[in-house]
Amino acid sequence: MKSRIVLTLTVTAVLLVVCGLEPLCAGSSVPQFSSKTSYQNARAKMLVLGYSPVIPPRASGQCERENLGREDVCRRWPEVESCAGTGFARCTFVWRRGKTTLEIRTVGDEREIVDRVRCRSECQ
């Protein structure tokens, strides 16, 4: 367990150094995730890549009212834009780095799995 944490921290540090050098990372403004990547892991990668979650302006409790059945997602991920409580249980999360805005869509009601990443604006 300890070696896994050290490995994760090492990889994170390398990514921060490499992606801090803009020309090396500029070619891919839409991050890719392997199949079955959890949103929790994708979220961590987005933060390492310098993206920030876009938290929609909402009144207190508004997210929970708009996303009935997925109130847990509202509490865990403030950047959730929408989240369905039925069907594929699709959720949409929004991220920004500079002028680039991305959306991450997930499926699954017990564990959100990344389904797609899509550019909304200013992507290369």
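Nothing in this text is a laboratory measurement; each read-out follows from the coordinates by a stated rule. Only a predicted model underlies this, so the values are computations on that prediction, with no experimental measurement involved. With ideal geometry, Cβ positions are generated from the backbone for all residues, glycine too; neighbour counts draw on all protein chains shown.
Among all residues of the range 72-93, there is none that is in contact (Cβ under 8 Å) with a residue 24 or more places away in the chain, surrounded by fewer than 16 Cβ atoms within 10 Å (Cβ to Cβ), on the phi > 0 side of the Ramachandran plot and out of contact with any helix residue (DSSP H, G or I) (no Cβ under 8 Å at 6 or more places or on another chain).
One line per residue, one yes/no per condition, for (1) within 16 Å of the chain's Cα centre (by Cα); (2) farther than 14 Å from Thr106 by Cα:
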{"residue": "Ser35", "(1), (2)": "yes, no"}
{"residue": "Lys45", "(1), (2)": "yes, yes"}
{"residue": "Leu49", "(1), (2)": "yes, yes"}
{"residue": "Gly61", "(1), (2)": "no, yes"}
{"residue": "Arg65", "(1), (2)": "no, yes"}
{"residue": "Glu79", "(1), (2)": "yes, no"}
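Each residue in the range 53-87 was checked for being in a loop (DSSP other than H, G, I, E, B) and within 11 Å of Glu112 (Cβ to Cβ), and 2 of them qualify.
When residues of the range 98-112 are filtered for being surrounded by 18 or more Cβ atoms within 10 Å (Cβ to Cβ) and not in a loop (DSSP other than H, G, I, E, B), how many remain?
Here the count works out to 4.
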